[in-house]
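For reference, the structure discussed in these notes is given below.
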């Protein structure tokens, strides 16, 4: 028996892209900050992976609406008289404005500074005036950390603030989504780096180490979630279907094998036996990691309707 | 002196006018609260569903569909959805008896649908009736997944979420909800909340005497009170009702906090460790001197 299945693949994809882009952003900015500038290239590359995927995510949301042409009701309404809309208790309402700020700062303004440093940046009208403004760029980057972290978290809170037992009977889903977003974000940066012609290998080594952190957290989060859900007693049928029922393949193969075990093995092998050299394994792990991340979001979404 | 005289007269004229209009406004005006009390006489009314009396005839479901111009008035639906605003669930009790549980919007005092609705379409109107404004709703379906009773449904036809509106249109005309009017055995009552609560308590007493030890009134504590009350012969869970339904976004702050904890920990500890460069690193020094391309790494 299921509750009404109203959010399906488009929403799962949006949740995935929101997490992936926001984590890629904050990992890149923090990499530059913590390395005192050595890894500034990561901040550059990761800022480029924000805009297009998040716009795709937004289009998914728009397509999922029952009345997409009224999407603006989320931000502005005309009755009883024209006013801005913010429903403070609604995670979705807060999320809409969060996304606006996030896309503006992390998807447009911050990457514009990096674009200004590129060859193509010299020819673009407003962007070329941002060239060389390194300290301003960094400040904007730090400001952008706030919406980026919040977007990473918000996708989990959105599902958790409902009555779906799997999502809401414990408060731990946001932790799983932060972890999953993190490994997807790392994967996105790895793939973006791999597309560059000249890249020092050291960056891959650092990213692989970061991937491992998020994989550990993901594994832990899933464990904690399953155990606490079991003891909370409300999502037992959902857990059963995830572990041994109709979602078992998606869980054990799609999420666990493809998203956790294989990337973990590849990352470890890359660090220990390849001494952090070579691009092949990190890229393969990244592709698997992205797939696993998407499988997880879809799985969590679809299993949430079971009662 | 002449000026003062005129001023005083003007003052008295205008303040008299002001007083009179304020008084008139109090009695005939549009301010909610005082004047609205008279126009929402259903503020202190409630509905009582006596599950033990229900015979499962579904007259209520049919009457509801007809009163609200919903399609397929004679088609049974297991769940309430966008086109079925009330229905009866058939639950088996321990002794294999079938119990008939009417389901409809509970019109909670603290509704989850209104709590999470991002546009404010789902809201509590004066008098306690919870509606989903069909002009404002964008069909995001958050209310469908947030309702602890699984009441609202998404309509492909209208592109919005829809549910029972406590026959608000009928109430405004001085009528009672269609389901209450249609019930042939009086299992659905509409009246003063306090009176219905007293009736319900008495009914529960009778049921306990008949051997239904877990008989109870449902809807007093749940979500700060439901406008639709129930006399249940068994525990709620047996009848498909949540024992302690929670406000969907009630612990949202805690859930945000969990996410912030996870993200904060990850950012501060492991990420910092991984990317930390000692001051004397040649790579850093090179960047700080302004040498080296930005793609050096």
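The values are calculated or read from the model by the stated rules, or taken from the named source; none is laboratory data. On a predicted model such as this, the values are computed, not experimentally measured, just so you know. Neighbour counts run over all protein chains shown; Cβ positions are idealised from the backbone, glycine included.
The table below gives the values:
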| item | result |
| --- | --- |
| Members of region A:263-307 that are farther than 18 Å from residue A:242 by Cβ and surrounded by 23 or more Cβ atoms within 10 Å (Cβ to Cβ) | A:263, A:267, A:270, A:282, A:285, A:286, A:289, A:290 |
| Matching residues in region A:74-96 - criterion: being under 14 Å from residue B:120 (Cβ atoms), buried (at least 20 other Cβ atoms within 10 Å of the Cβ) and more than 7 Å from every other protein chain (Cβ to nearest Cβ) | A:94 |
| Of all residues in region B:91-109 being modelled with pLDDT of 95 or more and surrounded by fewer than 20 Cβ atoms within 10 Å (Cβ to Cβ), the one that is farthest from the chain's Cα centre (by Cα) | B:100 |
| Positions within region A:97-110 being surrounded by fewer than 21 Cβ atoms within 10 Å (Cβ to Cβ) and either within 12 Å of another protein chain (Cβ to nearest Cβ) or touching a residue at least 24 places away in the same chain (Cβ under 8 Å) (or both), in sequence order | A:97, A:98, A:100, A:101, A:103, A:108, A:109 |
| Meets criteria (at pLDDT 95 or above, farther than 30 Å from residue B:199 by Cα and more than 7 Å from chain A (Cβ to nearest Cβ)) for residue B:285 | no |
| Flag if residue A:155 is surrounded by 21 or more Cβ atoms within 10 Å (Cβ to Cβ), part of a loop (DSSP other than H, G, I, E, B) and touching a residue at least 24 places away in the same chain (Cβ under 8 Å) | no |
| For residue A:21: the one exception among (1) within 10 Å of chain B (Cβ to nearest Cβ); (2) within 23 Å of the chain's Cα centre (by Cα); (3) within 30 Å of residue B:275 (Cα to Cα) | (1) |
| Complete set of residues in region B:78-102 that are part of a loop (DSSP other than H, G, I, E, B) and in contact (Cβ under 8 Å) with a residue 12 or more places away in the chain | B:79, B:80, B:82, B:83, B:85, B:93, B:94 |
| Among the residues listed as B:218, B:212, the single one being modelled with pLDDT under 95, surrounded by 14 or more Cβ atoms within 10 Å (Cβ to Cβ) and within 30 Å of residue B:180 (Cα to Cα) | B:212 |
| Some residue of region B:257-277 being within 14 Å of chain A (Cβ to nearest Cβ), touching a residue at least 40 places away in the same chain (Cβ under 8 Å) and part of a helix (DSSP H, G or I) | no |
| Unique residue being facing chain B (nearest Cβ under 8 Å) and touching a helix residue (DSSP H, G or I) at 6+ places or on another chain (Cβ under 7 Å) when the list is A:175, A:143 | A:175 |
| From A:189, A:260, residue being part of a helix (DSSP H, G or I), at pLDDT 95 or above, surrounded by fewer than 24 Cβ atoms within 10 Å (Cβ to Cβ) and touching a helix residue (DSSP H, G or I) at 6+ places or on another chain (Cβ under 8 Å) | A:260 |
| Matching residues, region B:223-249, being surrounded by fewer than 18 Cβ atoms within 10 Å (Cβ to Cβ) and either part of a helix (DSSP H, G or I) or on the phi > 0 side of the Ramachandran plot (or both) | B:224, B:225, B:237, B:238, B:240 |
| Helices (runs of 4 or more DSSP H) enclosed by region B:103-210 - at least 1 residues per element that are under 30 Å from residue A:81 (Cβ atoms) | B:112-116, B:142-146, B:168-172 |
| Qualifying residue in region A:61-73 (condition: in contact with a helix residue (DSSP H, G or I) (Cβ under 7 Å, 6 or more places away or on another chain) and more than 9 Å from chain B (Cβ to nearest Cβ)) | yes |
| Filter result (surrounded by fewer than 19 Cβ atoms within 10 Å (Cβ to Cβ) and not in a loop (DSSP other than H, G, I, E, B)) within region A:227-240 | A:227, A:228, A:230, A:231, A:232, A:236, A:237, A:240 |
| Where residue A:247 falls short, out of the listed (1) surrounded by 15 or more Cβ atoms within 10 Å (Cβ to Cβ); (2) without any contact (Cβ under 8 Å) to a residue 40 or more places away in the chain | (2) |
| Selection count where residues are at pLDDT 95 or above and in contact with a strand residue (DSSP E or B) (Cβ under 9 Å, 6 or more places away or on another chain), scope region A:165-186 | 1 |
| Count of residues meeting criterion [closer than 22 Å to residue B:266 by Cβ and more than 10 Å from chain B (Cβ to nearest Cβ)] in region A:30-56 | 6 |
